[in-house]
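Take a look at the structure below.
The values are calculated or read from the model by the stated rules, or taken from the named source; none is laboratory data. Fair warning: this is a prediction, and the values are worked out from it, not measured in the lab. Heads up, the Cβs are rebuilt from the backbone with ideal geometry, glycines too, and the neighbour counts pull from every protein chain shown. We work out accessible area using only protein heavy atoms, side chains counted, and drop any ligands, DNA or RNA first. Shrake-Rupley method; radii C 1.70, N 1.55, O 1.52, S 1.80 Å.
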Amino acid sequence: MPGAALPHGEEDTGMKLILLGAPGAGKGTQAEILSETLHIPAVSTGNIIRAALKNETPMGLAAKSYMDAGELVPDDIVIGIIKERLAEADCQNGFILDGFPRTIPQAQALEELGVTIDRVVSLEVPDEKIVARMSGRRVCGKCGASYHVEYKKPAKDGVCDVCGEPLICRKDDAPETVLERLRVFHEQTEPLKAFYEKLGKLKLVVGQEDVKDTTALTLAAVRD
Ligand code: AMP
């Protein structure tokens, strides 16, 4: 029985996880918590793109117009990003993908890279709640850590717990852009649920009001 004799926590080693869900469903928050709990890195394509944009790299500049409009960045760019990131040393013992894949071709690219995903957790939050939640979302302009004015407050108002930098509103969290992102999610990303269901890897987790409750359900789904 693999893993049976290992000390508590060790059985999670090497897990390769995907968090699916609408923008603002809580993927980033859960990915950060899961990363600490399971000792595997959280890989957010959104954070990687935002960092590239801040540093004005060619990739960041190419992605800017799509991101600002709430559209998906073209598959070839995002697949290139994930290929490079997953080749890094810290990803060799498992990882949590937050925001990738977002289209069927991206999921197929992951398979072509030879990556075997253990579990896919879809965080289920209705659109009405997403719109309300997004208006309260804040992110650190430096490290990308995410907060919420109601559900995930920083220790000090408006300041990042991790690096002490000011918290800002993401440009693509503006209400009209959120509606477009939700439309894109339903059209292009939601079909991934059927894709992973067919592979027997999908678990649905209903997003709760309290972050801790969602974490408990997510961990149970991952370890099931
Ligand atoms: P996120 O922080 O995951 O909400 O991503 C913010 C934005 O980055 C998205 O609205 C897209 O414009 C872009 N993005 C992030 N991940 C992907 C992806 N896997 N495929 C295409 N675009 C992405």
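The conditions are (1) in a helix (DSSP H, G or I); (2) farther than 16 Å from ALA25 by Cβ, and THR214 fails exactly one of them. Which is it?
Here THR214 meets the rest and fails (2).
Of (1) within 12 Å of the ligand (Cβ to nearest atom); (2) surrounded by 18 or more Cβ atoms within 10 Å (Cβ to Cβ), ALA51 satisfies all except one. Which?
(2)
Within region 122-132, take every residue that is within 15 Å of the ligand (Cβ to nearest atom) and within 28 Å of HIS39 (Cβ to Cβ) and give me the one that is most open to solvent (accessible area, probe 1.4 Å).
VAL125
Residues to consider are SER146, SER135; find the one that is polar (S, T, N, Q), open to solvent by less than 30 Å² (accessible area, probe 1.4 Å) and closer than 23 Å to ARG102 by Cβ.
Answer to the selection: SER146.
Considering only region 38-66, state which residues are assigned to a helix (DSSP H, G or I) and touching a helix residue (DSSP H, G or I) at 6+ places or on another chain (Cβ under 6 Å).
LEU38, THR45, ILE48, ILE49, ALA52, LEU53, MET59, GLY60, ALA63, LYS64
Take the residues in region 83-108 that are over 15 Å from the mean Cα position of the chain (by Cα) and in a helix (DSSP H, G or I); name whichever of them is farthest from the ligand (Cβ to nearest atom).
The extreme case among them is ALA89.
Look through region 176-209, keep the residues that are hydrophobic (A, V, I, L, M, F, W, C) and outside any helix (DSSP H, G or I), and return whichever of them is farthest from SER122 (Cα to Cα).
In this case the residue turns out to be LEU199.
On the basis of being among the charged types (D, E, K, R) and in contact with a Pro (Cβ under 9 Å, 6 or more places away or on another chain), does ASP98 make the cut?
no
What are the residues in region 91-124 that are among the hydroxyl-bearing types (Ser, Thr, Tyr) and within 24 Å of VAL184 (Cα to Cα), if any?
Hits for region 91-124 are THR103, SER122.
Look through region 112-156, keep the residues that are in a loop (DSSP other than H, G, I, E, B) and among the hydrophobic types (A, V, I, L, M, F, W, C), and return whichever of them is farthest from the chain's Cα centre (by Cα).
Result: ALA155.
Rundown of residues vs (1) open to solvent by 20 Å² or more (accessible area, probe 1.4 Å); (2) touching a residue at least 40 places away in the same chain (Cβ under 8 Å), yes/no style:
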position: VAL178; (1), (2): no, yes
position: GLU190; (1), (2): yes, no
position: PHE195; (1), (2): yes, yes
position: GLY200; (1), (2): yes, no
position: THR215; (1), (2): no, yes
position: LEU219; (1), (2): yes, yes
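In the list GLY60, GLY80, GLY70, which residue meets the criterion of being near the ligand (Cβ under 9 Å from one of its atoms) and open to solvent by less than 40 Å² (accessible area, probe 1.4 Å)?
Just one listed residue meets the conditions, GLY70.
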